[in-house]
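Structure record follows, encoded as structure tokens.
The values are calculated or read from the model by the stated rules, or taken from the named source; none is laboratory data. No experiment lies behind these values; they were computed from the predicted model shown. Every residue, glycine among them, receives a Cβ derived from its backbone with ideal geometry; neighbour counts consider all protein chains shown.
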Amino acid sequence: MNYQHWMIRHVCGYLLNPAIPTESPTLRIADIGAATCILPIELAGDLSHTVRIDCFDISADQYPPKDLIPKNIHLYVHDAFTPFPEEFQDQYDIVNIRFFAPVMNSSKVSPLLQNFLKITKPGGYIQWFEPDMAFTKAYAPTPAVPTSATQKLTGIMRHPTGDNDFEWVPKLDSIFASEGLEVIINKRHSVPDSYKVFTGQAQLMAFEDMMSKMEADGKTEQAQQMRFLYTALLEEYRQGALVDVDFLCVVGKKAL
Ligand SMILES: C[S@@+](CC[C@H](N)C(=O)[O-])C[C@H]1O[C@@H](n2cnc3c(N)ncnc32)[C@H](O)[C@@H]1O
């Protein structure tokens, strides 16, 4: 995930879209689903040390030790689908959410956004950043490179099973608008050709993370099937195949 972060930061050229003002030394920022806190840590390095960044995650498992992160980053454990405690209401100039798609589906977007709107100050900003899985494509450098596993992964990314769907991602801007946000950015980021190989490497790492989590959750059979696909992917990716994916950044401004 950290590798993916650096790759994306380089591809997009920002952590928070430049349309979001970040000059104020009293900014308060929330990062939802903060995981390893890589984005907040880098943001803290870019902004004044007087800015306060609050990280929220359903689990503290990936949080770094408190002593190793900047003092203006605060860590909380909270399920983002449930109301935030009173102390966080109307507090944030900026609410950031990135790579939350794995736990999302179309019916969850509006309730989650409404929850974020409650913690955003009037006139504050919400930035949501996701891969646009519907537009994933299997890539091979030459027709001789096999892509059956890569195409299978593309299919899984486009049409995940269970409770998960990604159809809402390209509609995020209209969902923002229907929740009363003024959409100020709806930006698609394609990965430049010279970075596509790194995207592939990040996908393999994400795949490994997913398999480990499945194993830890006791989903042994599912994990075994994934491992089978992973082995085939490794061979295809070694020959230059990968899944090409775009990223979308939507920024909305809450009414004053
Ligand atoms: C793919 S990681 C996101 C990484 C991070 N946002 C980034 O951009 O580097 C998804 C994170 O969301 C967290 N998460 C999942 N469900 C959540 C929920 N209901 N409320 C808060 N966090 C949640 C997971 O624990 C995980 O750390």
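Brief remarks on what is shown
- Residue tally, condition free of Cβ contacts under 8 Å to residues at least 12 places away in the same chain and within 12 Å of the ligand (Cβ to nearest atom), over region 83-107: 0
- Boolean, Ile38 is within 23 Å of His189 (Cα to Cα) and in contact with a strand residue (DSSP E or B) (Cβ under 6 Å, 6 or more places away or on another chain): no
- Here Ala216 fulfils each of the conditions (1) modelled with pLDDT of 95 or more; (2) closer than 30 Å to Glu235 by Cβ; (3) not basic (Lys, Arg) apart from (1).
- Per the conditions (1) within 16 Å of the ligand (Cβ to nearest atom); (2) modelled with pLDDT of 95 or more; (3) more than 19 Å from the chain's Cα centre (by Cα); (4) more than 27 Å from Pro21 (Cβ to Cβ), the sole criterion not satisfied by Gly162 is (2).
- Scanning region 198-256 for residues that are among the small types (Gly, Ala, Ser) and in contact with a helix residue (DSSP H, G or I) (Cβ under 6 Å, 6 or more places away or on another chain) returns Gly200, Ala202, Ala223, Ala232, Ala241, Gly252.
- Look at (1) part of a loop (DSSP other than H, G, I, E, B); (2) within 19 Å of the chain's Cα centre (by Cα) and you find that Lys171 fails only one, number (1).
- Evaluating Ser59 against the criteria (1) surrounded by 18 or more Cβ atoms within 10 Å (Cβ to Cβ); (2) within 14 Å of the ligand (Cβ to nearest atom); (3) part of a loop (DSSP other than H, G, I, E, B) leaves one unmet condition, (1).
- Annotation: Ile73 fulfils all but one of (1) more than 14 Å from the ligand (Cβ to nearest atom); (2) under 19 Å from Gln127 (Cβ atoms); (3) surrounded by 14 or more Cβ atoms within 10 Å (Cβ to Cβ); (4) more than 17 Å from the chain's Cα centre (by Cα); the unmet one is (1).
- Residue satisfying all of: in region 189-201; among the small types (Gly, Ala, Ser) and in a helix (DSSP H, G or I); surrounded by the most Cβ atoms within 10 Å (Cβ to Cβ) among these: Gly200
- Among the residues listed as Pro141, Pro131, Pro111, Pro146, the single one being within 16 Å of the ligand (Cβ to nearest atom) and over 30 Å from Glu86 (Cβ atoms): Pro131
- Where a residue in region 122-137 is free of Cβ contacts under 8 Å to residues at least 60 places away in the same chain and its partner, wherever it lies, is part of a strand (DSSP E or B), with Cβ under 9 Å and at least six apart: none
- Looking only at residues in region 3-20 that are in contact (Cβ under 8 Å) with a residue 12 or more places away in the chain and either of a type in the set (Ser, Thr, Tyr) or exposed (fewer than 13 other Cβ atoms within 10 Å of the Cβ) (or both), the one that is nearest to the ligand (Cβ to nearest atom) is Tyr3.
- Options Leu117, Leu43; residue that is of a type outside the set (Ser, Thr, Tyr), more than 10 Å from the ligand (Cβ to nearest atom) and more than 21 Å from Tyr14 (Cα to Cα): Leu117
This table checks each residue for (1) part of a helix (DSSP H, G or I); (2) surrounded by fewer than 14 Cβ atoms within 10 Å (Cβ to Cβ).
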| site | (1), (2) |
| --- | --- |
| Asp165 | no, no |
| Phe176 | yes, no |
| Ile184 | no, no |
| Lys187 | no, no |
| Gln203 | yes, no |
| Gln225 | yes, yes |
| Thr231 | yes, yes |
| Tyr237 | yes, no |
| Gly240 | no, no |
